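Input: a single structure, listed below in structure tokens.
The values are calculated or read from the model by the stated rules, or taken from the named source; none is laboratory data. These numbers were taken from a predicted model, which means no experiment stands behind them. When we count neighbours, we look across all protein chains shown, and the Cβ atoms used for this are built from the backbone with ideal geometry, even at glycine. All accessible areas refer to the heavy atoms of the entire protein, side chains included, with ligands and DNA or RNA removed. Shrake-Rupley method; radii C 1.70, N 1.55, O 1.52, S 1.80 Å.
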Amino acid sequence: MTPAQDPRLVRELADVVGADHVLVDDDVTAGYRTDWTGRFTSPSSVVARPGETAEVAAVVDLCRASGVALVAQGGNTGLVGGGIPTQGEVVLSLRRLAGAHEVDGASGQVVVGAGTTIGAVHALAAEAGWAYGVDLASRDSATVGGTIATNAGGLRVLRYGDTRAQVMGVETVLGDGHTVTALTGLYRNNTGYHLPSLLCGSEGTLGVVTAARLRLVPRLRHRVTALLAFDTIDAALAAAALLRRAVVGLEAVELFLQAGLELVCSAGSLPRPFPDPHVAYLLVETAGQIEDRGELAAALESVPGIADAAVATDPARGRALWRYRETHTEAIGTVGTPHKLDLALPLPQLAPFLDRLPSLLAELAAGAQAWVFGHVADGNLHVNVTGVAPDDESIDDAVFRLVAELGGSVSAEHGIGTAKRRWVGLSRTEAELDPFRAIKRALDPAGILNPHALLPPATP
Ligand code: 2HG
Ligand code: ZN
């Protein structure tokens, strides 16, 4: 029995959230204890599903009083084990905190519950004539709270920034039990520390986010989507750099390679987009308020090395092109349990990194296969490696060391979770981690919030 399964604690949790919302049976909790990739699983645990902020606060109080740790979880779409109770912690599922206030049309903002999905935010923003700047393939499951905890990036960071750039205010239950409600949406408020920023990327280690005030962006009705083929990776990277400089309305520049395209076509029964195979592909999208094919078309004329291209101006064809990129994660999952190396590099280091990666992998594991894709205009690559045992971290280690050598980061947008704790030191100095730990102690003095994620223990 794990501490979370103590019958007294289970009874007290039921008194707070209602017996129907405390899940104890392994069959029922299985979906909360295994991550999307299947790489991170946990022993039996207990799931509490509060329906309002006061219940979240009461659960945090109970856990603190019982000395039992808890892990907050949204849509369970995380990829680094950050929302999985790997040590048998109580799972605090925030999915019932879904719901939204009316869009504040004057300021272009909306207050939503932490359990609201990103897809639902898109829908309610669109209904009010706005859009939400964060978009990602897992939009229909990923929640606002989870994307704040991980500071999710996604497909449109290039134009709108990451989640941190959208969060105007938060409501959160801190580890010490206090609820802080800071949901006013002043665009300018220069009065000290910025709690929303601190919570973005904190991975549930400081507080449990229960609601957020999000900034919305204009809804752009006209999109041009292009799939470009290149016969070298260097040509694709050079094109991405050129488009970034030349196209004001650029929203997305996504890279993938031939192996990934082959895989998504066979796994998803998609037609091949071009008659011949090529080495690298860019999925590019522009958006504007008025119909304008000219800007992208003119820029594409000046891009050298385009071997083939498909351009869509209608939404259905645009979505069809996006499928070649967006279904990568799902298709890779059909090959095996992947090691997901989400990393960032300075843009000039993308080419040297991609050049050195194949020989590095070949040296370490002959059977390993790398699937490389990502948000290349932001220097964010997703290196997925299959054909390696889930607990064999030799490739992860070698790749992250190469990333560090090239001045990059071991996490660009997925966070650290439990998967990458041992490599945080490659991207953060002890002088940076010490204040992180001090903040953690101040806001979660008993250390009950997601204690096995993010922060590595201090080196003696
Ligand atoms: C994406 O960009 C997500 O599609 C998932 O960040 C990346 O599966 C991955 O490695
Ligand atoms: Zn991504």
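A compact table of results
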| read-out | value |
| --- | --- |
| Subset of the stretch 277-307 (residues that are under 22 Å from Arg323 (Cα atoms), open to solvent by 40 Å² or more (accessible area, probe 1.4 Å) and assigned to a loop (DSSP other than H, G, I, E, B)) | Pro277, Val279, Arg293 |
| Search result, residues across the stretch 231-276 that are over 21 Å from Ala299 (Cβ atoms) and not in a helix (DSSP H, G or I) | Leu257, Gly268, Ser269, Leu270, Pro271, Arg272, Pro275, Asp276 |
| Some residue of the stretch 308-328 being among the hydroxyl-bearing types (Ser, Thr, Tyr), within 12 Å of ligand 2 (Cβ to nearest atom) and in contact with a strand residue (DSSP E or B) (Cβ under 9 Å, 6 or more places away or on another chain) | no |
| Verdict on Arg164 being outside any strand (DSSP E or B), within 13 Å of ligand 1 (Cβ to nearest atom), open to solvent by 40 Å² or more (accessible area, probe 1.4 Å) and basic (Lys, Arg) | no |
| All positions within the stretch 329-351 that are within 16 Å of ligand 2 (Cβ to nearest atom) and under 10 Å from Val385 (Cα atoms) | Ile332, Pro338, His339, Lys340, Leu341 |
| Residue in the stretch 399-420 that is most open to solvent (accessible area, probe 1.4 Å), counting only those that are within 16 Å of ligand 2 (Cβ to nearest atom) and among the charged types (D, E, K, R) | Glu413 |
| The stretch 1-29 residues that are under 18 Å from Val56 (Cα atoms), paired with ones that are hydroxyl-bearing (Ser, Thr, Tyr) and assigned to a helix (DSSP H, G or I) (beta carbon under 6 Å, 6 or more apart) | Leu9/Ser66; Leu23/Thr29 |
| Counted residues, the stretch 138-157 - those being open to solvent by 20 Å² or more (accessible area, probe 1.4 Å), more than 12 Å from ligand 2 (Cβ to nearest atom) and not in a loop (DSSP other than H, G, I, E, B) | 2 |
| Any hit, the stretch 291-309, residues being hydrophobic (A, V, I, L, M, F, W, C), within 16 Å of ligand 1 (Cβ to nearest atom) and at pLDDT 95 or above | no |
| Residue among Ala312, Ala259 that alone is in contact (Cβ under 8 Å) with a residue 60 or more places away in the chain and in contact with a Gly (Cβ under 6 Å, 6 or more places away or on another chain) | Ala312 |
| Selection from the stretch 95-137 of residues that are open to solvent by less than 40 Å² (accessible area, probe 1.4 Å) and within 16 Å of ligand 1 (Cβ to nearest atom) | Thr117, Ile118, Gly119, Gly133, Val134, Asp135, Leu136 |
| Pair list, Cβ < 8 Å and 6+ apart or interchain, from the stretch 149-162 residues that are farther than 22 Å from Thr225 by Cβ to residues that are basic (Lys, Arg) and open to solvent by 20 Å² or more (accessible area, probe 1.4 Å) | Asn151/Arg164 |
| Complete set of residues in the stretch 432-459 that are of a type in the set (Asp, Glu) and farther than 21 Å from Leu62 by Cβ | Glu432, Asp434 |
| Whichever residue in the stretch 421-446 is surrounded by 15 or more Cβ atoms within 10 Å (Cβ to Cβ) and of a type in the set (Gly, Ala, Ser) and, among such residues, is nearest to Glu405 (Cα to Cα) | Ser427 |
| Residue among Asp396, Asp378, Asp391 that alone is in contact (Cβ under 8 Å) with a residue 24 or more places away in the chain and open to solvent by 10 Å² or more (accessible area, probe 1.4 Å) | Asp378 |
| Unmet criterion (only one of (1) more than 26 Å from Gln289 (Cα to Cα); (2) touching a Ser or Thr at 6+ places or on another chain (Cβ under 7 Å); (3) within 16 Å of ligand 2 (Cβ to nearest atom)) for Arg164 | (1) |
| Of all residues in the stretch 252-274 being under 13 Å from Trp322 (Cα atoms) and open to solvent by less than 20 Å² (accessible area, probe 1.4 Å), the one that is nearest to ligand 1 (Cβ to nearest atom) | Glu254 |
